[in-house]
Amino acid sequence: MTSVIKTERLTLRPWQDSDVDFVYDLYSRWVVQRFIGNEPAVMEHRSEAETRVRRFQELDHPVHGVWAVTRQEDGLPVGTLLLKPIPASGEEPLQASEDVEIGWHFHPDHWGNGFASEAAEAVLEHAFAGGLPHVIAVTNPANEASQSVCRRIGMEHLGQSKKYYNAKCELFLVKNPALEA
Ligand SMILES: CC(C)(COP(=O)(O)OP(=O)(O)OC[C@H]1O[C@@H](n2cnc3c(N)ncnc32)[C@H](O)[C@@H]1OP(=O)(O)O)[C@@H](O)C(=O)NCCC(=O)NCCS
């Protein structure tokens with residue numbers, strides 16, 4: 001069961017069936033999808049959002065999760081925060097590697113407020129409290145906004161890598177400080 005995580009301004013909670021409209025609004029936008037995946041594509045049917053919400057809800061793990069990020073003041077959903085095994089490059093369908101990635105997809109109405117960084121920092125804390133040795137993030141080389149989030153939350157840039165998603169990505173990593181000598 002995905003846990004609830006609270007920050008100063010945000011509540012990260014499990015996805016609800018009533019979030020389908022938000023998910024459709026989010027993932028049907030090119031500005032959100034343009035750097036996601038090898039062949040970025042926007043959602044074109046509400047049914048895709050229903051399937052996505054179901055998939056988000058199915059991830060049942062004590063530490064990994066996909067959270068709906070909501071504003072505390074009014075409960076409004078503003079984005080998605082993910083913590084899950086990252087697919088290794090290889091033959092399709094790609095298989096999960098042993099590394100865990102953190103990722104974020106926010107609605108453009110809420111960019112520029114520090115919400116992605118605030119939510120991601122809290123999920124990193126949750127990941128390390130749950131004992132993960134390190135967390136990685138990969139971004140499209142052109143996705144500077146996402147690379148800024150990585151840096152803001154203390155991730156180290158390790159250069160480009162083709163290890164994941166059959167794609168050339170900028171690779172970021174942060175180690176669990178509790179396990180550092
Ligand atoms: C990547 C993405 C989440 C970044 O969103 P963002 O709003 O720029 O990121 P943050 O929430 O951390 O906000 C940081 C910005 O808010 C500003 N800000 C305003 N108030 C702030 C506050 N209280 N705290 C921190 N930052 C604040 C910062 O100055 C910063 O602006 P800058 O980048 O111009 O310096 C967003 O662009 C997105 O969802 N893109 C589409 C999906 C995507 O590509 N995801 C990544 C796939 S790898």
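The values are calculated or read from the model by the stated rules, or taken from the named source; none is laboratory data. Values in this document were obtained by computation on a predicted structure and should not be read as measured data. In this analysis, Cβ positions are derived from the backbone assuming ideal geometry, glycine residues included, and neighbour counts consider all displayed protein chains. Remember, those area values only see protein heavy atoms, side chains included, never the ligands or the DNA or RNA. Shrake-Rupley method; radii C 1.70, N 1.55, O 1.52, S 1.80 Å.
Table for the structure above
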item	result
Close pairs from segment 127-146: first without any contact (Cβ under 8 Å) to a residue 12 or more places away in the chain, partner assigned to a loop (DSSP other than H, G, I, E, B) and surrounded by fewer than 20 Cβ atoms within 10 Å (Cβ to Cβ), Cβ under 9 Å, at least 6 apart	Ala129/Val63
Single match in Gly159, Gly103 (criterion: within 13 Å of the chain's Cα centre (by Cα) and at pLDDT 95 or above)	Gly103
In segment 132-151, the residues that are open to solvent by 20 Å² or more (accessible area, probe 1.4 Å), within 6 Å of the ligand (Cβ to nearest atom) and of a type outside the set (A, V, I, L, M, F, W, C)	Asn143, Ser148
Selection count where residues are touching a helix residue (DSSP H, G or I) at 6+ places or on another chain (Cβ under 8 Å), surrounded by fewer than 20 Cβ atoms within 10 Å (Cβ to Cβ) and within 29 Å of Glu39 (Cβ to Cβ), scope segment 109-131	2
